[in-house]
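Written below as structure tokens is the structure these notes are about.
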Amino acid sequence: MGAGHAHRLYRHGHSPVHALPPHTKLAAVLAFVVVVVSTPREAMWAFAAYAGLLALVAYAARVPPGFLLRRLLIEVPFVAFAALLPFVAQGERVDVLGLSLSVDGLWGAWNVLAKGTLGVAASVLLAATTELREVLLGLQRLRLPPLLVQIASFMVRYGDVVTDEMRRMRIARESRGFEARGVRHWGVLAKSAGALFIRSYERGERVHLAMVSRGYAGSMPVIDEVTASRAQWCRALALPSAAFVVCLLGWTV
């Protein structure tokens with residue numbers, strides 16, 4: 001992998017969570033999400049315990065609550081979907097504040113909201129404590145197919161390049177007096193999107209030729225070999241292990 005690529009989701013720090021190898025954090029988040037999804041929706045106290053565990057991780061990582069809450073806004077569409085379930089679901093109905101709501105819909109909304117929020121919060125904490133470059137190294141260390149790792153690497157590297165190209169095209173349109181105000185301007189926007197696609201494709205061809213000329217043979221060289229000790233694995237897996245215990249209690253209680 002090449003040089004690092006900073007992202008606004010990452011919060012620079014020197015906490016114990018930041019210091020963990022990236023592949024241990026990836027494995028821990030994946031295991032935590034699997035445990036959360038496996039928890040019965042009726043065990044509401046278990047989800048409160050999961051939230052408490054994530055709060056402890058955020059405290060250890062020195063991630064402010066405001067930072068975490070702002071990043072959680074990405075799940076607003078899922079919240080809107082969950083809010084509709086009590087109204088559209090079938091089955092037994094119950095009156096809440098004068099509204100006739102489905103019991104199954106209420107449980108479904110709670111299930112989506114609780115598990116979705118916990119999963120997003122865990123992902124935000126991972127992104128806040130792990131640079132994108134380290135995430136890619138961690139995926140490679142976990143033996144993810146190399147092609148998928150390379151695709152993700154190029155997406156990270158050139159996503160901002162394409163976005164900047166789109167911004168320059170917008171400025172060029174506005175400098176010529178263009179302003180999209182209705183359906184009749186969609187044609188111009190469609191042509192701009194087509195031009196952006198062609199430019200991005202041609203840029204990709206040039207980058208590929210430059211890589212081949214420098215010895216690229218289908219895989220990227222690994223500059224930093226990421227390893228983890230047994231103690232680091234134990235610290236990383238403490239979160240999903242505690243969550244697993246809570247999940248077992250949720251099934252038995």
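Below, the figures for the structure above:
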quantity: The lone exception for ALA82 - which of (1) open to solvent by 50 Å² or more (accessible area, probe 1.4 Å); (2) assigned to a helix (DSSP H, G or I); (3) modelled with pLDDT under 85 it fails; calculated: (1)
quantity: Test set (1) closer than 30 Å to TYR50 by Cβ; (2) out of contact with any helix residue (DSSP H, G or I) (no Cβ under 9 Å at 6 or more places or on another chain); (3) of a type in the set (Gly, Ala, Ser) - GLY215 fails condition number; calculated: (1)
quantity: Scope the range 172-221; condition among the polar types (S, T, N, Q) and either in contact with a Lys or Arg (Cβ under 9 Å, 6 or more places away or on another chain) or in contact (Cβ under 8 Å) with a residue 60 or more places away in the chain (or both); matching residues; calculated: SER192, SER219
quantity: Answer residue from the range 101-115, given it is in contact (Cβ under 8 Å) with a residue 40 or more places away in the chain and open to solvent by 30 Å² or more (accessible area, probe 1.4 Å) and is farthest from LEU20 (Cα to Cα) among those; calculated: TRP107
quantity: Hits in the range 27-54 - residues which are within 14 Å of LEU125 (Cβ to Cβ) and open to solvent by 60 Å² or more (accessible area, probe 1.4 Å); calculated: LEU30
quantity: Restricting the range 85-100 to residues that are buried (at least 17 other Cβ atoms within 10 Å of the Cβ) and hydrophobic (A, V, I, L, M, F, W, C), the residue that is nearest to ARG41 (Cα to Cα); calculated: LEU85
quantity: Wholly enclosed helices (runs of 4 or more DSSP H) of the range 164-253 bearing at least 3 residues farther than 30 Å from LEU20 by Cβ and open to solvent by 70 Å² or more (accessible area, probe 1.4 Å); calculated: 186-213
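The values are calculated or read from the model by the stated rules, or taken from the named source; none is laboratory data. Note that the structure is predicted; figures quoted are calculated from it, not measured. Cβ: placed from backbone, ideal geometry, glycine included. Neighbour counts: every protein chain shown. These area figures cover heavy atoms from the full protein model, side chains too; ligands, DNA and RNA do not enter into them. Shrake-Rupley method; radii C 1.70, N 1.55, O 1.52, S 1.80 Å.
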